[in-house]
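Every read-out reported here was derived from the displayed coordinates using simple, explicitly stated rules and does not represent laboratory data. Just so you know, these numbers come straight off a predicted model, no measurement behind them. When we count neighbours, we look across all protein chains shown, and the Cβ atoms used for this are built from the backbone with ideal geometry, even at glycine.
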């Protein structure tokens, strides 16, 4: 922290928390679908639901987070740019 400073570490930490919250649903679906698919069960409906929920979460992250984040956390406005950068490198 002494090298980067508290502001950079705070923005990075908040960005990671927001990205982690957005990935929870897809992680849960993946952990449920893996044993089901290996058992030979038909999980096409679940796959479609996962894709649709991932698309919705992506739109929420892209359009609503930059609007909501400065209202909820006015001191962390730079976090919006950090989320976009981290999101590009997590997938």
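Assorted remarks:
- Cα-based shape type of segment 52-91, given that a ≥ b ≥ c are square roots of the gyration tensor eigenvalues and the cut on a/c is 1.5: oblate
- Potential extension, residue 75-residue 57 segment - 0.36 nm per residue separation minus Cα distance: 4.0 nm
- Value of [θ]222 nm, deg cm²/dmol, for the chain, DSSP H segments ≥ 4, -39500 (n - 2.57) each, nearest 500: -25500 deg cm²/dmol
- Distance histogram in 5 Å bins (all Cα pairs of the chain, percent per bin): 2, 13, 20, 19, 14, 11, 8, 6, 4, 2, 0
- Ranked for footprinting exposure by Cβ neighbours inside 10 Å, fewest first, 76, 62 give 62, 76.
- Axis angle, to the nearest 10 degrees, between helix 44-59 and the longest C-alpha principal axis of the chain: 10 degrees.
- Annotation: the residues 63, 29, sorted from fewest to most other C-beta atoms within 10 Å of their own C-beta, follow the order 63, 29.
- Helix 6-38 and the longest principal axis of the Cα set of the chain meet at an angle near 0°.
- Cα-based helix-to-principal-axis angle, 79-90 vs the chain, degrees rounded to 10: 40
- Of the residues 82, 58, the one with the fewest other Cβ atoms within 10 Å heads the list, and the complete ranking is 58, 82.
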